[in-house]
């Protein structure tokens, strides 16, 4: 005879679970007229839902959840009036008030991440009626396993919540101590800002900006805050975004390095932004870049000049002395410092001034040259500062002064030592920041110019003698360029001669200076320097013979014949030079031979017979 299944088991098999309804979405039901099987199923669902719902309570502890969960379990069993339960978790026991361990026991394990961390036990502390060997139903076994899984999930969620809370706390402590500004943005609104962020953007307290949109913070430097988020806008970024922004800080312009990183915060996309003040680093980089640009400019000029190192602008010379002058000019041109040029009259001081101007940053502005020796002290202000219409008799219109004309460019003061002390004082005030006023005007003006001065005598002597102010001397003489006289660089004479002859219309049949003439030019001391050389060559081409204007140095060979005879011309030049040497030495042939650079015996051979 086959045993008849219990009504409980039959009813439970006849009830089908709706697959479209999740256990978590179920709500407690009270149906007094439903069949027993449906009532039992509702009790099971209420138990699982109740356990899941415990986690929804905010800021509750894990023991609180476990104690209330264990109290929900007995009501879901077939004989709740005889049932009791216990949860063992990580060394802690949570049991119902009537708990008693008996032989009627049902158990399941709580497993987390593959590890056995606890147990759920259900007991009948008293033998149920009509009880056979095993009073528990198969469905209750499945329910207990589901309860264990549900408690495992609750444990995992609670641990994650605690870990997140600890992580947030550690992060909060960290961000409040760092010097960098930190902001957390979610849904395009500020969720967190640290004190450094508030200080950077002049926000008195974080609460002023929390929950406000990044594009409309309405606190601190709102425009600059919005500017720092302009690179990301309202979109969700999927990669780090870095940019450099400028902020106006009291008394300075600050450079801020901004880094926006996409993160997940509480399971949802968010933006973590850091703000680092790199003003000092940026200023150092810009200073280094300016220096690099200056050196690059100087090197570029130097490299370009290597192609023609025998000249720089209109200055010619291959000698070592001139190579040093070239280097000095290029280094002076790479700065904006005042330059003082020294050299004898005719050595090319104004050419050097032009070269400094043309190779510098002011080359696109005016070069104004002033002969200081020709400026009267009574007219100094009128000449240098300009005048307004009606300032004096004859002033029919406004007129600019030298400082006005040289604004942005270069003012070249030739023979600067000729300025009087009064003129120096007025000039110093004008270029040192005190400004100047045009005659007839009450408006003070300032000018941006570079001073290049020139003198054929050492200015130190004028300072020592009291004819030059020491402050004016140091102001105009920051970089010093000394030009060598032509007699100290005679190897440059052939190059200069070739250069000047190209500018002079030569007579027919002449394409170069004859060798004896060149020898004479090389032997001459050139007290008038390059200017004298140019004039001597002009006279030579015009008159057909050399003519020096210096005393005791005039040499007038006979006019060049129509058909030049090099041999006779050489003999004629030898005789002339020997005669001049004997004249200089008072007839002493030994000294004359030494002066001519030949032996005494050679001199005797060249002398005409008595």
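The values are calculated or read from the model by the stated rules, or taken from the named source; none is laboratory data. Note that the structure is a prediction, hence the values are computed from the model and not measured. Every residue, glycine as well, gets a Cβ built from its backbone with ideal geometry; the counts of neighbours run over all protein chains shown.
What the table below lists for this structure:
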quantity: Exclusive hit being surrounded by 15 or more Cβ atoms within 10 Å (Cβ to Cβ) and in a loop (DSSP other than H, G, I, E, B), set 516, 527, 507; calculated: 527
quantity: Residues located in the stretch 77-106, provided they are in contact with a helix residue (DSSP H, G or I) (Cβ under 7 Å, 6 or more places away or on another chain) and within 11 Å of residue 122 (Cα to Cα); calculated: 77, 80, 83, 84, 85, 86, 87, 95, 96, 106
quantity: Positions within the stretch 197-216 being surrounded by fewer than 21 Cβ atoms within 10 Å (Cβ to Cβ), in contact with a strand residue (DSSP E or B) (Cβ under 6 Å, 6 or more places away or on another chain) and within 15 Å of residue 273 (Cα to Cα), in sequence order; calculated: 210, 213
quantity: Odd one out for residue 433, checked against (1) at positive phi; (2) modelled with pLDDT of 90 or more; calculated: (2)
quantity: Residue, surrounded by the most Cβ atoms within 10 Å (Cβ to Cβ), within the stretch 400-414, restricted to residues that are touching a helix residue (DSSP H, G or I) at 6+ places or on another chain (Cβ under 8 Å) and part of a loop (DSSP other than H, G, I, E, B); calculated: 401
quantity: Selection from the stretch 456-489 of residues that are under 30 Å from residue 534 (Cβ atoms) and outside any helix (DSSP H, G or I); calculated: 456, 457, 458, 477, 479, 480, 481, 482, 483, 484, 485, 489
quantity: Unmet requirement for residue 114, which otherwise passes all of (1) on the phi > 0 side of the Ramachandran plot; (2) touching a strand residue (DSSP E or B) at 6+ places or on another chain (Cβ under 6 Å); calculated: (2)
quantity: For residue 311: the one exception among (1) modelled with pLDDT under 90; (2) in contact with a helix residue (DSSP H, G or I) (Cβ under 7 Å, 6 or more places away or on another chain); calculated: (2)
quantity: Residue list for the stretch 314-334, filter: under 32 Å from the mean Cα position of the chain (by Cα), in contact (Cβ under 8 Å) with a residue 60 or more places away in the chain and surrounded by 18 or more Cβ atoms within 10 Å (Cβ to Cβ); calculated: 328, 329, 332
quantity: Residues satisfying the stated conditions in the stretch 425-448, i.e. buried (at least 21 other Cβ atoms within 10 Å of the Cβ) and over 35 Å from the mean Cα position of the chain (by Cα); calculated: 427, 436, 438
quantity: Residue match in the stretch 188-198 (condition: in a loop (DSSP other than H, G, I, E, B) and in contact with a helix residue (DSSP H, G or I) (Cβ under 8 Å, 6 or more places away or on another chain)); calculated: yes
quantity: Residue list for the stretch 415-440, restricted to those being over 19 Å from residue 459 (Cα atoms) and assigned to a loop (DSSP other than H, G, I, E, B); calculated: 432, 433, 434, 435, 437, 438, 440
quantity: Yes/no for residue 352 being part of a helix (DSSP H, G or I), at negative phi and at pLDDT 90 or above; calculated: yes
quantity: Sole exception among (1) touching a strand residue (DSSP E or B) at 6+ places or on another chain (Cβ under 9 Å); (2) within 21 Å of residue 366 (Cβ to Cβ) for residue 448, by number; calculated: (1)
quantity: Options 353, 374; residue that is surrounded by fewer than 19 Cβ atoms within 10 Å (Cβ to Cβ) and assigned by TED's automatic domain parsing to the domain that holds residue 409; calculated: 374
quantity: Residues within the stretch 377-399 that are assigned to a strand (DSSP E or B) and either outside the structural domain of residue 325 (by TED's automatic domain parsing) or in contact (Cβ under 8 Å) with a residue 40 or more places away in the chain (or both), tallied; calculated: 1
